[in-house]
Amino acid sequence: DAGVTQSPTHLIKTRGQQVTLRCSPKSGHDTVSWYQQALGQGPQFIFQYYEEEERQRGNFPDRFSGHQFPNYSSELNVNALLLGDSALYLCASSLLIGGKETQYFGPGTRLLVL
Amino acid sequence: LAKTTQPISMDSYEGQEVNITCSHNNIATNDYITWYQQFPSQGPRFIIQGYKTKVTNEVASLFIPADRKSSTLSLPRVSLSDTAVYYCLVGDLGGSSNTGKLIFGQGTTLQVKP
């Protein structure tokens, strides 16, 4: 049973560029959440997608956008990259079962903005 | 969302039992307690989850007192490979507007020494 996968594993961009990160959820999961983790900090919630719509959003600017496809995979897009966007970007998938929903994380994509 | 407080760091030796306590005084009736483990540059790994009393799986035990205002993650006979950051999270895992929005704190950095 494949877990959550993310691509690419590493990425280097320059300020002002745009980036797209991809996530495939764990088999059977229908919900995808995205997190940003700066060095030495805990992950911060960006947003969550369910049924191809953004269900919740954290305190991130509109430069951060996403999409969920019919097969439940998801993309995170970041426009006009800033140096401060350098971080580990984590995707987590989940499925509501028995009234609760546990998130399982992928390995992350390390983004470096120069 | 309930806030959690846990020690910033802990040291242990191989073969010892490690107990990490998390305080969550404002836990709500529908909140579950979830613990994740994270190694450097990897995504958090789900360890254990509980609502009340005691939960045990193949890697850890979770003790939750009757008032649920704290919880203790117990790792039996730790090894060097258990050196990681451990996060305690509290939240409603299903059926509310806050579903899916995991709030991570700083976590507890556990250092296991030989």
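The values are calculated or read from the model by the stated rules, or taken from the named source; none is laboratory data. All values reported here derive from a predicted model rather than from experimental measurement. Note: ideal-geometry Cβ built from the backbone for every residue, glycine included; neighbour counts use all protein chains shown. The protein model used for the area step is the full one, side chains on, heavy atoms only, and it has no ligands, DNA or RNA in it. Shrake-Rupley method; radii C 1.70, N 1.55, O 1.52, S 1.80 Å.
Once the partner protein chains are put back, region B:37-63 shows a loss of at least 30 square angstrom of accessible area, versus the chain by itself, at B:38, B:41, B:43, B:44, B:46, B:49 (probe 1.4 Å, ligands and nucleic acids excluded).
Each Lys and Arg adds +1 at its Cβ and each Asp and Glu adds -1 at its Cβ; summed about the Cα centre, region A:1-104 shows a dipole of about 360 debye. Seen from all directions on average, chain B presents a Cα convex hull projection of 6.8 nm². The calculated FRET efficiency for the pair residue A:114 and residue A:59, based on their C-beta separation and a Förster distance of 30 Å, comes to about 0.75.
Taking label positions 7 Å along the Cα-Cβ direction at both residue B:80 and residue B:45, the computed distance is 1.6 nm, reported to one decimal. Cross-link pairs exceeding 28 Å between alpha carbons, from the set A:100/B:113; A:13/B:113; A:13/B:3; A:26/A:100; A:26/B:113; B:69/B:113: A:100/B:113; A:13/B:113; A:13/B:3; A:26/B:113; B:69/B:113. Considering only B:72, B:38, B:59, and ranking their Cα positions along the charge dipole of chain B that arises from unit charges at the beta-carbon of Lys, Arg, Asp and Glu, the one farthest toward the positive end is B:72. Across region B:9-113, the relative contact order, built from alpha-carbon pairs under 8 Å that are at least six residues apart, equals 36 percent.
Region B:1-79 and region A:27-74 have Cα centres lying 25 Å from one another.
Computed over protein heavy atoms with a 1.4 Å probe, the carbon and sulfur contribution to the accessible area of the protein assembly as shown reaches 50%. For the protein assembly as shown, the solvent-accessible area with a 1.4 angstrom probe is 49 square angstrom per residue. Report the accessible surface area buried between chains B and A, summing both sides, using a 1.4 Å probe on protein heavy atoms only, in Å² rounded to the nearest 100. The contact between A and B buries close to 1700 Å². Take each residue of peptide B:101-107, count the partner chain Cβ atoms within 10 Å of its Cβ, and average: the result is 6. Under the criterion of Cα pairs below 8 Å and six or more residues apart, the relative contact order for chain A equals 36 percent.
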